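Structure first, then comments.
The values are calculated or read from the model by the stated rules, or taken from the named source; none is laboratory data. Keep in mind that this is a model prediction, so the values were computed, not measured. Neighbour counts run over all protein chains shown; Cβ positions are idealised from the backbone, glycine included. Side chains included, ligands, DNA and RNA excluded: accessible areas come from the protein's heavy atoms. Shrake-Rupley method; radii C 1.70, N 1.55, O 1.52, S 1.80 Å.
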Amino acid sequence: SCCRTVGALAVRPRYCVFLKRRTAVGKHRTPLIKTLLWWRTRRREMSSDHDGKKLVRSPSGLRMVPESGALSSPFCLDEPQWVPDKECPRCIQCETKFDFITRKHHCRRCGRCFCDKCCSKKVPLPRMCFVDPVRQCVECALISQKETEFYDKQLKVLLNGATFFVMAGTLEKSETMVCRLSNNHRCLFLDGNSHYEIELARISSVQILTEGFTPGGGNTRATGMLLQYKVPGSDELKQMKFTTSEDFNSNKKLSATWLVAMHKAAKLLYESRDQ
């Protein structure tokens, strides 16, 4: 036959040898269903790595975007419509009048008109998928620089993942799981004895739990997260609670760093929706 059924999953024969080797590891034998879930997740990850992209040219510059809009990152912003030249006789910042010497420039992030002095910075804008740094006004440049830090540092933390105690819904028992962001930034993968995939687009709220606050303004540290989301095909809100481990200091520090990155990701997610 072309496939064999193991549990509730259909497995092709060429994967059976792989599964046999993976499940027969001395005394520490991995349950077969858990291995199948791992393999299914890995295949989805590998397919997401090859999501088609195309290079497009817009008035603002070259952009590398997914071939299908349904595969775009939930953090992305749409390119703004430029304010028509006839509607901006002066720089919106310093009110210098435009003429043959003083040319007008459009900020690639907000689309408004500025003179060269007020819109001279070229800053990376990964949220709009620009290949090269693009011209932005002073206000937008500051925002884009902060977002670039997220893409350079915190996004990598989310992709690498961290370990948490996870309590799903009304269950009183927690489960140790590794939580990480998918390579295409569209899902949170939770792997343990169970497996969950949560679409970022369906997350309703993210609340970071902290401890260590003092009235005098002392430092706080992230200890957990409450996540509310909707499952596909339903408007019912589900909830998950994440808490950091108390047993392993190194893991706890990594988990706290992951939570801080997730907090920043949630802000960008809300901004994309508000657009």
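Once the 1.4 Å probe is applied to the protein heavy atoms, the stretch 62-171 comes out at 58 Å² accessible per residue. When the convex hull of its Cα atoms is viewed from all sides, the stretch 138-275 shows a mean projected area of 10.6 nm². Listed by chain and number, the lysines whose C-alpha is less than 22 Å from the C-alpha of LYS238, apart from same-chain residues fewer than 8 away, are LYS173, LYS230, LYS264, LYS267. The stretch 141-162 and the stretch 85-111 have Cα centres spaced 31 Å apart. For a straight C-alpha distance cut-off of 27 angstrom, the lysines reachable from LYS104 (same-chain residues fewer than eight places away being disregarded) are LYS86, LYS117, LYS121, LYS122, LYS146. Around the amide H of LEU62, modelled in the peptide plane, lie the amide H atoms of VAL131, ASP132, all under 5 Å away and 5 or more residues distant in sequence or on another chain. Sum up the charges of everything whose Cβ sits under 12 Å from the Cβ of CYS91, counting Lys and Arg as +1 and Asp and Glu as -1, but leave CYS91 out. Value of the local net charge: +3. Surface composition of the stretch 115-244: carbon and sulfur atoms hold 49% of the protein heavy-atom accessible area at a 1.4 Å probe.
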